[in-house]
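Only the coordinates and a few stated rules stand behind these numbers; no lab work does. Just so we're clear, the structure is a prediction, and the values are computed from it rather than from any experiment. Cβ placement follows ideal geometry from the backbone for every residue including glycine, while neighbour counts extend to all protein chains displayed.
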Amino acid sequence: MIWLLMVITLNFSTNPIQVQHGEIIETFQNERDCITRQAEFFNKAKREKRPIPNNFNLGCVYLKRSIV
């Protein structure tokens, strides 16, 4: 199992809303580690009083893969 910590930036000026940028930040072997890292990111931003833009999305995504 591989979990991807992804950041996606949305473009709100288009209709429908589009993905402006997407990037895999880190990979993890389990969901718990990915969610922990995600929480650390937001906690650090809060401690440093760095605002998170409305179009910024950070989340864990399961990559289902099979070896053929």
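Nothing charged except the Cβ atoms of Lys and Arg (+1) and of Asp and Glu (-1): what's the magnitude of the dipole of the range 2-63 about its Cα centre? Round to the nearest 20 debye. All intermediate terms of the calculation are to be shown ahead of the outcome.
Details: 7 positive and 6 negative charges, 67 e Å.
For this selection, approximately 320 debye.
Hey, if you put +1 on the Cβ of every Lys and Arg and -1 on every Asp and Glu Cβ in the range 2-63, which of Y62, F12, I25 ends up farthest toward the positive end of that dipole? Checked the options; the winner is F12. Helix-only arithmetic for the chain: the sum of -39500 (n - 2.57) across DSSP H runs with n ≥ 4, divided by the residue total, places the mean residue ellipticity at 222 nm at -8500 deg cm²/dmol.
The structure shown yields P(r) over Cα pairs in 10 Å bins from 0, in percent, and of the options [x] 20, 55, 23, 1; [y] 19, 41, 30, 9, 1; [z] 19, 50, 24, 7 that calculated value carries the label [y]. Across the chain, Cα pairs under 8 Å and at least six residues apart give a relative contact order of 46 percent. Label reach from E48 (point 7 Å along Cα→C-beta): in the range 15-30, amide nitrogens under 17 Å belong to 25-26.
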